[in-house]
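Working notes for the structure below.
Just so it is clear, none of the values below were taken in a lab; they were calculated from the coordinates. These numbers were taken from a predicted model, which means no experiment stands behind them. As a convention, Cβ positions derive from the backbone with ideal geometry for all residues, glycine included, and neighbour counts pool all protein chains shown.
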Amino acid sequence: MAFVNEYIPESDFVRYGIAEINRRYAKNSYKSDWTVDRERDIYLRDVFYGRDEFAGNITYTLYWKGNLIEVKLNETGGTSSDQTGWSNYSLLKFDLPENLNSSREEILCDLKEALTARKGDGVYSKRISSTATFNF
C-alpha cells in the first residue's frame, strides 16, 4: 500500500493518541487529517505552522513503526493554474531516538515518500500532480 491523504478515522484517532498530540502542539482543527501508509504503520501529520519570519516552517509528527518523531521542515512551493505543483523541503530538525539511529536513512526515505504523496497540503491539496525536492 502507498501513502494516502485522508481524514483520520475515529478508531485511529484513539489508537494513535491524536487528541494528546493535538494538545501538546495546541493544534485545533475541525477534522484532523494525515498522510498514512497503513500497511507499513507510518503516518505524517502537520501539527504547527510558523508565522511572520518563520512562515514556511512546519512542524510534523512522523509516526514510524511505533515511534513518534518530531520533524521540522521549511517548505516552499506553488501551484499553477493547471493544478500542477511543486514543493521544496529543507530539514530544520530531525532528532531520532537512539534506538532508531540505525534506521535513519530508511526513515528519511519514508518521510520523503510521505511528503511527496502529501502534494503540499494533504487532503486539502488541489494539485492534480506534484513534484517534491529535498535539501536533505
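Under a straight-distance cross-link criterion of Cα-Cα below 27 Å, which lysines are reachable from Lys93, leaving out those fewer than 8 residues away in the same chain?
Counting by Cα, and skipping residues close in sequence, Lys93 has these lysines nearby: Lys27, Lys31, Lys65, Lys72, Lys112, Lys119.
Given charges of +1 on the Cβ of Lys and Arg and -1 on the Cβ of Asp and Glu, with all other atoms neutral, how large is the dipole of segment 4-135 about its Cα centre, in debye to the nearest 20?
Computed about the Cα centre, the dipole is about 240 debye.
Which residue fluctuates the most in the chain, going by a Gaussian network model with Cα springs under 10 Å, if the choices are Lys31, Lys72, Lys126?
Per the Cα network of the chain with a 10 Å cutoff, Lys31 tops the list.
For the pair Leu91/Asp52, report the inter-label distance in nm, with labels modelled 7 Å from Cα in the Cβ direction.
3.0 nm
Share of antiparallel DSSP beta bridges in the chain, in percent to the nearest 5?
If I count the DSSP bridges inside the chain, around 80 percent turn out antiparallel.
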